[in-house]
């Protein structure tokens, strides 16, 4: 058995091993073709040939590992390299294949100045996975190590420590009904001068103060990007989809809560993936306006907007102790899987 950098000719065997582990129920990954796997591992931010390795014998792929070197992509934490996946043929487990692959990737990361190896959604290599208990509905990015996957114990035994835990949540939108009590909350907010609904980009609205109070340059960037798109384009609702079903590049709907020209909450943008998944970046409420039901109203308006757009389901992940789970559950979301963000010193 030899551990080496993956070659083009290895990808059919790599895809076969990947799909074998999927079919055995050992990982939640979506099935792949050799071409799709090569695109995932080698095209895009942070990909390097030296960080995609196989264990092979006589041309047969017995194991594979892929990762990302430190300081090689936009969201990188200094000194952190990222582990994407590690798979070993069931016939060769217990023979040191996984340990050897992990050691080679660790050596490569250390050689690039890495101090930690992390399993996290910050990894730019985003693996699509199938949500358990659904008719093949998927999520576009695995947020960490699936705590129920076949290899969870392997990583713990090799020094990986859990830093945070996320829970994935899911909603089948076919049965979604906008709650009457949410409309009542919305009316109460309106009586307080807070208007929650589809954002009108033609009306000036300040949002920097809210972003400062929640200490999030990320939300500030999201809002700025989405609102700038409205300035560059006069939307036509008939242009939501091209004849071939694709969404045109243009502004997306934001749902906001506004009081006296200041944004005090938002969610969105309203978008839909090809799979029918209602997609959004997150939800935010100004700390000065918390516990008034703003997030509950906005989130349910978002679900209704997804239904209007034709989305079939929605999924998200959030911290296991995040109080926002109550909001998601109110809309009908249910937990489906837990994921651990883990790392170890190298």
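The values are calculated or read from the model by the stated rules, or taken from the named source; none is laboratory data. Remember, it's a predicted structure, so these values are computed and weren't measured experimentally. Ideal geometry is used to build each Cβ from the backbone, glycine not excepted, and the neighbour counts take in all protein chains shown.
Look at residue 34 and say whether it is without any contact (Cβ under 8 Å) to a residue 24 or more places away in the chain and either over 21 Å from residue 130 (Cβ atoms) or touching a helix residue (DSSP H, G or I) at 6+ places or on another chain (Cβ under 7 Å) (or both).
Yes: the conditions hold for residue 34.
Would you check which residues across the stretch 317-342 are buried (at least 21 other Cβ atoms within 10 Å of the Cβ) and under 30 Å from residue 159 (Cα atoms) and list them?
317, 337, 339, 340, 342
Can you tell me which of (1) part of a helix (DSSP H, G or I); (2) surrounded by fewer than 19 Cβ atoms within 10 Å (Cβ to Cβ); (3) touching a residue at least 12 places away in the same chain (Cβ under 8 Å) is the one residue 39 doesn't meet?
(3)
From (1) surrounded by fewer than 20 Cβ atoms within 10 Å (Cβ to Cβ); (2) farther than 19 Å from residue 146 by Cα; (3) in contact with a strand residue (DSSP E or B) (Cβ under 9 Å, 6 or more places away or on another chain), pick out the condition that doesn't hold for residue 30.
(2)
So residue 295 fits all but one of (1) more than 24 Å from residue 140 (Cβ to Cβ); (2) assigned to a helix (DSSP H, G or I); (3) without any contact (Cβ under 8 Å) to a residue 40 or more places away in the chain; what number is the exception?
Every condition holds for residue 295 apart from (1).
Would you check which residues across the stretch 215-261 are at pLDDT 90 or above and assigned to a loop (DSSP other than H, G, I, E, B) and list them?
Within the stretch 215-261, 215, 216, 253, 254, 260, 261 qualify.
Take the residues of the stretch 205-214 that are in contact with a helix residue (DSSP H, G or I) (Cβ under 7 Å, 6 or more places away or on another chain) and assigned to a helix (DSSP H, G or I): which is nearest to residue 231 (Cα to Cα)?
Within the stretch 205-214, the match that is nearest to residue 231 (Cα to Cα) is 208.
Within the stretch 147-162, track down each residue that is loosely packed, with under 15 Cβ neighbours inside 10 Å and either part of a strand (DSSP E or B) or not assigned by TED's automatic domain parsing to the domain that holds residue 93 (or both).
161
Of everything in the stretch 42-51 that's in contact with a helix residue (DSSP H, G or I) (Cβ under 9 Å, 6 or more places away or on another chain) and surrounded by fewer than 23 Cβ atoms within 10 Å (Cβ to Cβ), which residue is nearest to residue 123 (Cα to Cα)?
So, considering only residues that are in contact with a helix residue (DSSP H, G or I) (Cβ under 9 Å, 6 or more places away or on another chain) and surrounded by fewer than 23 Cβ atoms within 10 Å (Cβ to Cβ), the one nearest to residue 123 (Cα to Cα) is 47.
So, in the stretch 127-146, exactly how many residues are touching a residue at least 40 places away in the same chain (Cβ under 8 Å), surrounded by fewer than 17 Cβ atoms within 10 Å (Cβ to Cβ) and within 15 Å of residue 84 (Cα to Cα)?
Summing the residues that are touching a residue at least 40 places away in the same chain (Cβ under 8 Å), surrounded by fewer than 17 Cβ atoms within 10 Å (Cβ to Cβ) and within 15 Å of residue 84 (Cα to Cα) in the stretch 127-146 gives 1.
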